[in-house]
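Please read the structure below before turning to the comments.
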Amino acid sequence: MTALKISNVKEFMNILLLSETFDHFLLSEASITTFATMILDGQSCADFFSPEDEGYALVAEEAYVPFSLLRSSCLDFIKGKRTPVSFKFVFLLSKENQKKTLASLQSSFAPEDISGMYLNLKYQAGEIICTTGISYRNFSMDKSLDHAWDDMVMRFLKNHKILFESLA
């Protein structure tokens, strides 16, 4: 697990809410506090869609909804003259992206060993803190995947020109 402080909050918010940068992540949960608190449970409900609907395939395959389907709702709740009091987004990789990540890292862990690879964003007191984490199905002393995931998240941020500092 690593903790990173996002350097430019306004620029980051534009990337998060006005671009597709985070759309490939699944949203496990979100909490946004402005004049009220909006809580989103990202658990998917494929029964809402018909199989021919565009969103059906995205929702039917995963336990959680892609951020792409909720981003505009989050933007609508946040936008305005005042900044939010706070927010928290809990993102995770899709099953397919988790498999690709494990393969690209040549990890000794199998996809079924991992419950989730997480990216958490928390805004409070004018700062955004990004933390990473992995949920394992069984206890392991091997932290090589944790370190590799931390490095991948930092590369992701750098590739999208998101400035940050490590809070080690």
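The values are calculated or read from the model by the stated rules, or taken from the named source; none is laboratory data. Given the structure is predicted, the values throughout are model-derived calculations rather than measurements. Heads up, the Cβs are rebuilt from the backbone with ideal geometry, glycines too, and the neighbour counts pull from every protein chain shown. Just the protein is used for accessible areas: all its heavy atoms, side chains included, with ligands, DNA and RNA removed. Shrake-Rupley method; radii C 1.70, N 1.55, O 1.52, S 1.80 Å.
In this simple spin-label model, placing a label point 7 Å from the Cα along the Cα-to-Cβ direction at both LYS95 and GLU127 gives a separation of 3.9 nm. As a fraction of the 1.4 Å probe accessible area of the chain, surface on carbon and sulfur atoms comes out at 52 percent. With contacts taken as Cα pairs under 8 Å and at least 6 residues apart, the range 1-128 reaches a relative contact order of 29 percent. Classify the chain as rounded, prolate or oblate, taking a ≥ b ≥ c as the square roots of the eigenvalues of its Cα gyration tensor: rounded when a/c is under 1.5, otherwise prolate if a/b is larger than b/c and oblate if not. Note, shape of the chain comes out oblate. Taking a straight Cα-Cα cut-off under 15 Å and skipping sequence neighbours fewer than 8 places away in the same chain, the aspartates and glutamates within cross-link reach of LYS79 are GLU11.
For a test of the definition: using alpha carbon positions, the gyration tensor, and the 1.5 limit on a/c, classify the range 53-148 as rounded, prolate or oblate. The shape class here is oblate. Distances longer than 21 Å among the Cα atoms of the range 1-90: what percent of all pairs is that? I get 36 percent for the Cα pairs in the range 1-90 exceeding 21 Å.
Checking the Cα-Cα distances for LYS5/LYS99; LYS122/LYS143; LYS5/LYS161; LYS10/LYS88 against a 26 Å cut-off, the pairs over it are LYS5/LYS99.
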